[in-house]
Structure formats: structure tokens, C-alpha cells
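J.: Before I ask anything, let me first share the structure, which is written out below as C-alpha cells.
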Amino acid sequence: MKQNLLDLNYEDLKFFLSEKIGVEEKKLNMRTQQIFNAVYQKGLNNFEKFTTIPIDLRKKLLNNISLNDSKIVETHESTDGTLKFLVEFFDGNKVECVYIPEKTRGTICVSSQVGCSLTCRFCRSGTQKLVKNLKASEIVSQIILVKDKLKDWGDQKIVSNIVFMGQGEPLLNQNLKKAVAILKDKNGLNYGNKKITVSTSGIASKIAEAANEIGTYLALSLHAPNDKLREEIMPINKKFKIKDLIKQLKYYTSVVKEPIFLEYVMLKGVNDTEECAKQLVKLMAQFPSKVNLIEFNSWPGVKFEPTERKDIEKFSRYIQDKGYMSFIRRSRGDDVLAACGQLRTTSVLKKNL
Ligand code: SAH
């Protein structure tokens, strides 16, 4: 099987060109840059179009490296302009990713796993068993495919922000680091640390490594301000307690020097009481953070209901009055099941025969 180019960060490609293709030492940087530029800045998906590279080298590349081998197989457009894409990978597995246009930016929400192991009670993605971790190329290809669809290969970035808030738990995928390195590379897609947000359900044991080796914004899906309640709605809290998380988040902010975004989905009668707001404020006092209150998006078969708008506003005001930052996040794309927590696909784990 050929090496997929989108699995190689800049250093890997340089090494590959030297070892496998025989590019001479003094041309290595130039060739690596030309290839990154062609794939990630011009969006070329065919070596024949790599006109900056000599024909014999193009032939060698063609024989040894595959380019993006994923494809968009379905597109759904919400009445609010949000686009949901079903992406199929080379192995036939599928994930969803979402493009959310806003006044001043365009955000792509990408998936990191096929299925998810977490089973958060309010999340539709959690009803699809984990099938696999995405490869770096499968993560990067979601961005490339959407950029292609939006004809976003000019100077201006239509896709300006990337959030790892699709299906799966990014911090449980060891390929995340490589994918983010490719997204950040100055010779390629060139997204800065502040244009990328990794969202985690709270894998405390992986947060320090993410601080040291990933360095983007971090969001924590908190959703409950105490262990008892959090455990009921997020089973992962049985393993990693809020106290462990706070310790790790303190470390993250000390390294990355940016506040943590706390995600808090408002579930009627469950986590939206004044007592919860009070406890949340106590947590926020311990490390730099901002809270995003998310409207709960319903899906077939779920037992929770959304908190009423006026009660979300009251909860938000309580936090603000105590001197902390709280925002209410509008739900986008829920008419096509593209909103937070609504993504899932039909891919299942294939049993070994
Ligand atoms: N596993 C990671 C990445 C997924 S991000 C994480 O948990 O952070 C998706 C976000 O949407 C998470 O904050 C998740 O808790 C939230 N979410 C899940 N189901 C939702 C729903 N039905 N309505 C609104 N938000 C939801």
C-alpha cells in the first residue's frame, strides 16, 4: 500500500523524500515546501498538476505516494447555512463533519474517531460504538475536502477556525498530535494555535501532554459542576474526577497561557439549577476559564429536554454577576442533525472473520 501524503508532517515528508524517493540533500527543503504548498495551499489533488516539480520526480511521487483518498458522499444544508458532510474514507468507514458560517469567521467541526467510547447520556455520537481512531490523514482530509467544496484555496481563509468537536474523543486518539502539526505547518494550511480548539470530555491523563505537544485552545466538556451529577451523565467521570481535571487544567493554562473553554450543555431540571451555577462559579475561580452554555440539541430516543431560554439567561447572568465570563451558544444546524452532539454514522466495527 502506498504512503498517504496526508499522514506525513513536514519532517516526515522530508525524510520520506530522502529515503524512499532519493531526493538529494540540498534540494530536500525546497521539494518538501513545494509539495506542501501544492497540496495544502493550492489544494491540488493530482501529481500531474504539480508543475513546480520536474516530471521525473512527479512520476516517482505518483508511484510511491497517494494523495487524499477520502471523499464527501453526502451534503446536507441547514436553513441557517450550516453544512453537514458525510465523509467516506478509503477503508469504507464514514464520519460526519460540519461547516458553520458566521459573520466574521467560518468554523469547521471535525471528527477524531469513528464512533465514540464515552457514552455521554445526552450525546447522540455516544450511541455509536467506537470503531476506530482516525489516522492523521483522515482528520486532515476532512478539512481539505471542505475547503475544496467551498473553493477555499485563495489568500482569504473561508474556513478560518477548526474545532475538534465532531464524533469521538480527540485526546484518546494518538494521531491527533500529527494531524494538528500538519494543520499548523506554516508551509501548508498554516492555522495558528488560536484558530484550533481541541475539545475533551476530560481525559485528565492526557491533558499535560496536550499542553506540551499540541498547544491549541482547549475546551472541556464539563456539563456538571460536581462528581455525583457528572458521573450520572458522563460515565468517564468515574475514571477522571473533577479534582484531577482541575489540576491538569491549571497546568494547561500555565503552559498555553490561554483560558480553558468550559462547555456546559443546559439540561432541564438536571444541571441548570442555581445551586449548580453556584458550584460552577467555585470551579471557575480555580483556573482561568470561560463558560459556554450550550442549548441542548434533541435527537431521536434521548430522555433529556432543553432548559428554557429565559432560564439559560438567568444561569448565565448569575455567573457573570460573580465576575466570570459566560456566553450562550446558539445552536446551529439542528434541522439536519448537524448540531453539537447530534453526529453519528452507520459505520460499525467489522468482526474479524
Ligand atoms: N468528545 C469530545 C469532543 C466532542 S465535542 C468532548 O466531549 O468534548 C461535542 C460537544 O457537544 C461536547 O461538548 C458535547 O458534550 C456536546 N454535546 C453532546 N451532545 C449534545 C447535545 N445533545 N446538545 C448539545 N451539546 C451536546
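J.: Pairs under 9 Å by beta carbon, first residue farther than 21 Å from C340 by Cα in the range 272-295, partner within 15 Å of the ligand (Cβ to nearest atom) and among the charged types (D, E, K, R), six or more apart or different chains?
T.: Matching pairs, first to second residue: M284/K290.
J.: Suppose the filter is modelled with pLDDT of 95 or more, within 16 Å of the ligand (Cβ to nearest atom), of a type in the set (G, A, S) and buried (at least 17 other Cβ atoms within 10 Å of the Cβ); does S289 pass it?
T.: Yes, satisfied.
J.: Considering only the range 194-203, how many residues are over 14 Å from N173 (Cα atoms) and surrounded by 14 or more Cβ atoms within 10 Å (Cβ to Cβ)?
T.: Looking only at that region, the number is 3.
J.: Which of the residues spanning the range 250-306 are in a strand (DSSP E or B) and of a type in the set (G, A, S)?
T.: S289
J.: Under 6 Å between Cβ atoms, at least 6 apart or on separate chains: pull out the pairs that start in the range 174-188 with a residue that is at pLDDT 95 or above and end on any residue that is acidic (D, E).
T.: As it stands, the answer is K177/E213, since those pairs meet every condition given.
J.: Is the range 83-96 home to any residue that is within 16 Å of the ligand (Cβ to nearest atom), surrounded by fewer than 22 Cβ atoms within 10 Å (Cβ to Cβ) and either of a type in the set (F, W, Y) or in a strand (DSSP E or B) (or both)?
T.: no
J.: Tell me, which residue of the range 276-306 that is among the polar types (S, T, N, Q) and closer than 20 Å to A219 by Cβ is farthest from the chain's Cα centre (by Cα)?
T.: Filtering first and then ranking leaves Q279.
J.: Something else about it: Of all residues in the range 107-148 being within 16 Å of the chain's Cα centre (by Cα) and basic (K, R), which is farthest from E88 (Cα to Cα)?
T.: So the residue we want is K147.
J.: Picking from V131, V110, which residue would you name as being touching a helix residue (DSSP H, G or I) at 6+ places or on another chain (Cβ under 7 Å), at pLDDT 95 or above and closer than 15 Å to R344 by Cα?
T.: Checking each option against the conditions leaves just V110.
J.: Any residue in the range 41-48 that is in a helix (DSSP H, G or I), out of contact with any strand residue (DSSP E or B) (no Cβ under 9 Å at 6 or more places or on another chain) and farther than 19 Å from A181 by Cβ?
T.: yes
J.: If you check V336 against the conditions, is it of a type in the set (V, I, T), at pLDDT 95 or above and on the phi < 0 side of the Ramachandran plot?
T.: No: the conditions fail for V336.
J.: Does I72 count as at pLDDT 95 or above, under 21 Å from the mean Cα position of the chain (by Cα) and not charged (D, E, K, R)?
T.: So I72 passes the test.
J.: If you scan the range 153-211, which residues turn out to be under 21 Å from N237 (Cβ atoms) and among the acidic types (D, E)?
T.: Selection gives E169, E209.
J.: If you check every pair at least six apart or on different chains, which have Cβ atoms under 8 Å apart with a residue in the range 113-127 that is within 19 Å of N297 (Cα to Cα) and without any contact (Cβ under 8 Å) to a residue 12 or more places away in the chain first and a residue that is more than 7 Å from the ligand (Cβ to nearest atom) and of a type in the set (S, T, Y) second?
T.: Listed by first residue and then by second, the contacts come to G126/T119.
J.: Considering every residue within the range 164-173, establish whether at least one is assigned by TED's automatic domain parsing to the domain that holds C97, in contact with a Lys or Arg (Cβ under 6 Å, 6 or more places away or on another chain) and away from the ligand (no atom under 13 Å from the Cβ).
T.: no
J.: Looking at K103, K26, K20, K60, can you tell me which residue is more than 19 Å from S141 (Cα to Cα), assigned by TED's automatic domain parsing to the domain that holds R332, among the charged types (D, E, K, R) and not in a strand (DSSP E or B)?
T.: K103 is the lone residue from the list that is more than 19 Å from S141 (Cα to Cα), assigned by TED's automatic domain parsing to the domain that holds R332, among the charged types (D, E, K, R) and not in a strand (DSSP E or B).
J.: Condition first: more than 15 Å from the ligand (Cβ to nearest atom), farther than 15 Å from C276 by Cβ and surrounded by fewer than 18 Cβ atoms within 10 Å (Cβ to Cβ). Now tell me which residues in the range 322-353 satisfy that.
T.: Within the range 322-353, G323, M325, T346, V348, L349, K350, K351, N352, L353 qualify.
J.: Mind checking which residues of the range 125-134 are buried (at least 19 other Cβ atoms within 10 Å of the Cβ) and touching a Lys or Arg at 6+ places or on another chain (Cβ under 9 Å)?
T.: Listed by number, the residues that qualify are S125, G126, Q128, V131.
The values are calculated or read from the model by the stated rules, or taken from the named source; none is laboratory data. In this text the structure is predicted, and so the values were computed from the model without any measurement. A quick note on method: Cβ atoms are made from the backbone with ideal geometry, for glycine too, and the neighbour counts reach across all protein chains shown.
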